[in-house]
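Right, one structure below, let's go through it.
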2 protein chains.
Amino acid sequence: MEMIIGIVAGILTSVSMVPQLVKVIREQDVTNLSPLMIGVLLSGVGLWVVYGLMLKEWPIIISNAFSVLVNTTLLVCYFMFRKRS
Amino acid sequence: MEMIIGIVAGILTSVSMVPQLVKVIREQDVTNLSPLMIGVLLSGVGLWVVYGLMLKEWPIIISNAFSVLVNTTLLVCYFMFRKRS
């Protein structure tokens, strides 16, 4: 039961980050992104993955690993697109 | 040990959402916010709170309860400031 709630929670919070990424990739505009905040968020979700591994709770591990991926892509986009403007 | 990592992770992910809220309140500009995405995120973090309560893991409960608060404020701001523009 916790597993199901955790998985649904993970899907919802993961899905809500995707439009931000799509917008940045489509518009190639990163003026509204703060690299510092992406860095802080990246450290945070990275630690959540460690926490999930310690508890052996898969919903925590998978949804935060996905967040690590999205935020790493955002950070890469930031440095790629910043040079163009 | 998990507790400490969970608390640090929670603080980092929570802190990274604050600048967004400060920016919206200061500029009173919500054109870049998507109410649908805030709603999805709100349901997601709400479910994480339920999940945390089930596992009795305080770092999950507290950091997601904080996210619920930030996102509810963002949603309220959206409907308040949308009328002005």
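Sorting A:Arg26, A:Arg82 by accessible area (1.4 Å probe), largest first, what list results? Each step should come with its number before you reach the end.
On the way: A:Arg26 190, A:Arg82 110 Å².
Heavy-atom accessible area, descending, gives A:Arg26, A:Arg82.
Rg and Dmax of region A:2-82, both derived from C-alpha coordinates alone, stand at 13.6, 42 Å. Taking a straight Cα-Cα cut-off under 14 Å and skipping sequence neighbours fewer than 8 places away in the same chain, the aspartates and glutamates within cross-link reach of B:Lys56 are A:Glu2, A:Glu57, B:Glu2. Each residue was assigned an accessible area with a 1.4 Å probe, and for A:Leu69 the value is about 120 Å². Placing a label point 7 Å from the Cα of B:Thr31 along the Cα-to-Cβ direction, the distances to the matching points in the other copies come to 1.0 nm, shortest first.
Simple rule: put +1 on each Lys or Arg Cβ and -1 on each Asp or Glu Cβ in chain A, find the dipole, and look at A:Ile60, A:Ser43, A:Cys77; the Cα lying farthest toward the positive end is A:Cys77. Between helix A:2-15 and chain A there is an angle of about 10 degrees, using the helix long axis and the longest principal axis of the Cα atoms.
Could you give the nm distance between label points at A:Val18 and B:Asp29, where each point is 7 Å from its Cα heading toward the beta carbon? Reported label-point gap for A:Val18 and B:Asp29 is 2.9 nm.
Seen against the Cα atoms of chain A and their longest principal axis, helix A:58-82 is set at about 10 degrees.
Principal-axis analysis of the Cα atoms of chain B puts helix B:35-55 at an angle of about 20° to the longest axis.
Counts of other chain beta carbons within 10 angstrom of each beta carbon in peptide A:35-45 average 4. The packing ranking of peptides B:72-78, A:50-56, highest mean first, is A:50-56, B:72-78, where packing means the average number of other beta carbon atoms within 10 angstrom of each residue. Pairing chains A and B buries close to 2600 square angstrom of accessible surface in total, based on protein heavy atoms and a 1.4 angstrom probe.
The values are calculated or read from the model by the stated rules, or taken from the named source; none is laboratory data. This one's a predicted model, so the numbers in the text were calculated from it and none came from an experiment. Every residue, glycine as well, gets a Cβ built from its backbone with ideal geometry; the counts of neighbours run over all protein chains shown. What goes into the accessible areas is simple: the full protein's heavy atoms, side chains included, and nothing from ligands, DNA or RNA. Shrake-Rupley method; radii C 1.70, N 1.55, O 1.52, S 1.80 Å.
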